[in-house]
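The values are calculated or read from the model by the stated rules, or taken from the named source; none is laboratory data. Not measured: the values here are computed from a predicted model. We place every Cβ from the backbone using ideal geometry, glycine too, and count neighbours over all the protein chains shown. For the accessible areas, the whole protein counts, side chains as well, though only heavy atoms, and no ligand, DNA or RNA atoms are used. Shrake-Rupley method; radii C 1.70, N 1.55, O 1.52, S 1.80 Å.
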Amino acid sequence: MIAMKGSNNLLALLKHCVLLLLVLHISGCSLPTIDDRTASHALLRQDGMDTSIGRGIAEQAQSNPGLSGVAPLSDPLDAFAARVLLISKAERTIDLQYYIWRDDITGNLLLKALHQAAQRGVRVRLLIDDNGTIGLDSKLAVLNSEPNAEVRLFNPFPFRTFKRIGFITNFSRLNRRMHNKSMTVDGQITVVGGRNIGDEYFGATPEVEFNDLDVMVAGEVVDDVSNDFDEYWNSKSAYPIEKLVSIPPDIKSTILTIEEHGATLLPAARSYINAVAKSDLVENISRGQLNFSWVKVHMVSDDPKKVLGRARKKTLLITRLMEILDHPSSSVDLISPYFVPTKQGVDVFGEMASKGVKVRILTNALEATDVIPVHAGYAKYRAPLLKHGVELYEMRSDNRPNKPREKAGPFGSSGTSLHAKTFAIDNQRVFVGSFNFDPRSARLNTELGFVIESETMAQAISEAFDNNIPMHAYKLELDEEGNLVWLDNSTTPPRKWNTDPNTSVWTRLYVDLLSLLPIESLL
């Protein structure tokens, strides 16, 4: 017994020594210089009009000067097919900017499509936040080795093995991330919204399915997205991957490429391959028959200097959004998966409600959230919001096996977790993008989105709150004693809970504990 106890103590000491050595090694690592990095710039609309996509949208664009064509992508299979087909149709350039790119079925299918585009002569520029590239270093290096492809990592970790230990030595920098999501092809069409690249964002995982919203946009605003991409691509936080990751040996490169191609053979990939095969998106674009809604669209984004703490207030997305939210006259319908309003937000929404503005908010219920600390940051503001007259809904988790893909409004199909980030003002304007109403989006991460002047889209969100959302979400109310109650109005009579539905006492205690900690600024 004594010998065993001594061995355990020695093992624990060795573990602590290894951890200390890792931390010391990481603290001694620094990012390489990028002084020799080559700047490059996007293909703008005027220069890409001679492409197949450019010719396909030319007539509509010329008939709608100053406007942009918008096509929502709420269905996950459609959103995936749109990306693959646009990549396959590209003739000149593809610019992609993402927060997360998973090493999974959809991630590998899209990497394969980018390889093929680069090999046929298309310039590919891929910018990924380095916090979202787990396990992908070698595959990204292989893509980067293609003559026409270039990969850059945004705000990277200098140490690649156990890289997240870098938070210990450089937390103030690495805690700030690039949350933007866009893909622009031939300078003519862009896809912007809430989806990262990964199976859960395209409905490919049975365990987690995010319902989400992107928009595919052509016309005037595409140049703004291209110029914004250049700001990030050429910023001081974008590092060529070859500065940090070595190209794998030939044999390993071959294996990695086979792995990408092998993703098409997996049974779980069949629905995606079928969606691409059945889609008539490319043909409709080429024939000028894609059903765009032509309206005014304004891009809003953060200055990439935000991750360095050097962005001016007027260059921040939150500044523009507050201007938009400042004077609603009749309604605010807000959908945000990670909603932490803070006391200031409660006051703002409360003041709107006191002036007769109908304020309705949908976020994830505790049973549906994938980030419990964020829910803890939100939970303490539920009662104050309700007391101010705000209507509050929490999305239920629909994790039934073989469940039908029911529509839950304009932001996608019912799933196990809400991920769409959108709001509508006065049934006239809509925001779609990456911004969550939480302190992290406002102060730490960079974000990107569109403000779309579309009564049709705004009214669709309003109608979802009127009709669909109550069938898929709990409605929160206060009882006579001022306690929270959750109502499921999809049943007759409505089912009622006095605690967060379908959660354990331990989960609720964990939330209560987290809500006491001073972590709101990090959420």
- Message: From the phi angles alone, apply the Karplus equation (6.51, -1.76, 1.60; θ = phi - 60°) to region 153-160 and give each ³J(HN,Hα) in whole Hz, x where the residue is Gly or Pro.
- Response: 9, 8, 6, x, 8, x, 9, 8
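By the gyration tensor of its Cα atoms, with a ≥ b ≥ c the square roots of the eigenvalues, what is the shape of region 20-169: rounded for a/c under 1.5, prolate for a/b over b/c, or oblate? All intermediate terms of the calculation are to be shown ahead of the outcome.
Working: a/c = 2.32, a/b = 2.01, b/c = 1.16.
Because a/c hits 1.5 or more and a/b exceeds b/c, region 20-169 counts as prolate.
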- Task: Starting from the Cα gyration tensor of region 271-315, multiply each eigenvalue by 5, take the square root, and state the resulting semi-axes largest first in whole Å.
- Result: 38, 18, 7
- Item | Cα-Cα over 26 Å, subset of K343/K496; K358/K421; K181/K243; K243/K421; K181/K314 | K343/K496; K243/K421
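Averaging over all projection directions, find the projected area of the Cα convex hull of the chain and quote it in nm² with one decimal place.
Values: hull surface 112.7 nm².
Mean shadow area of the hull around the Cα atoms is 28.2 nm².
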- Message: What are the ³J(HN,Hα) couplings of region 257-272, residue after residue, when phi is run through the Karplus curve with 6.51, -1.76, 1.60 and θ = phi - 60°? Round to Hz, x for glycine and proline.
- Response: 5, 4, 4, 4, 5, x, 4, 6, 8, 6, x, 5, 7, 4, 5, 6
- Size of region 250-300 as Cα extents on the principal axes (Å, biggest first): 50, 30, 20
- Query: Sorted by mean Cβ packing within 10 Å, highest first, what order do the peptides 490-501, 441-452, 181-192 take?
  - Reply: 181-192, 441-452, 490-501
- Message: Compute the distance from the alpha-carbon center of region 476-523 to that of region 286-349, in whole Å.
- Response: 28 Å
- Task: Determine ³J(HN,Hα), in whole Hz, for all residues of region 513-522 in sequence, where each value follows from phi through the Karplus function 6.51 cos²θ - 1.76 cosθ + 1.60 and θ = phi - 60°; x replaces Gly and Pro.
- Result: 5, 4, 5, 7, 7, x, 10, 4, 5, 8
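Tell me the per residue accessible area of the chain using a 1.4 Å probe; a whole number in Å² is fine. Let's see the in-between values first.
On the way: 22540 Å² over 523 residues.
Here the per-residue accessible area is 43 Å².
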- Message: Under the rule of at least 5 residues apart or a separate chain, name every residue whose amide H is placed under 5 Å from the amide H of F423.
- Response: I335, F431
- Message: Run the Debye formula on the Cα coordinates of region 131-239, all scatterers equal and no solvent, and tell me log10 I(q)/I(0) at q = 0.14, 0.18, 0.21, 0.22 1/Å.
- Response: -0.76, -1.19, -1.35, -1.36
- Leaving ligands, DNA and RNA out of it, report the carbon-plus-sulfur percent of the accessible area of region 169-287 at a 1.4 Å probe. 55 percent
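At 10 °C and 1.306 mPa s, grab the translational diffusion coefficient of region 176-258 from Stokes-Einstein with a Kirkwood Rh over Cα pairs, rounded to a whole number in µm² per second. Spell out each step's value before the answer.
Numbers: Rh = 15.8 Å.
Stokes-Einstein gives a translational diffusion coefficient of 101 µm²/s.
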- Item | Among 429-439, 362-372, 59-69, the order from most to least packed when residues are scored by Cβ within 10 Å on average | 429-439, 362-372, 59-69
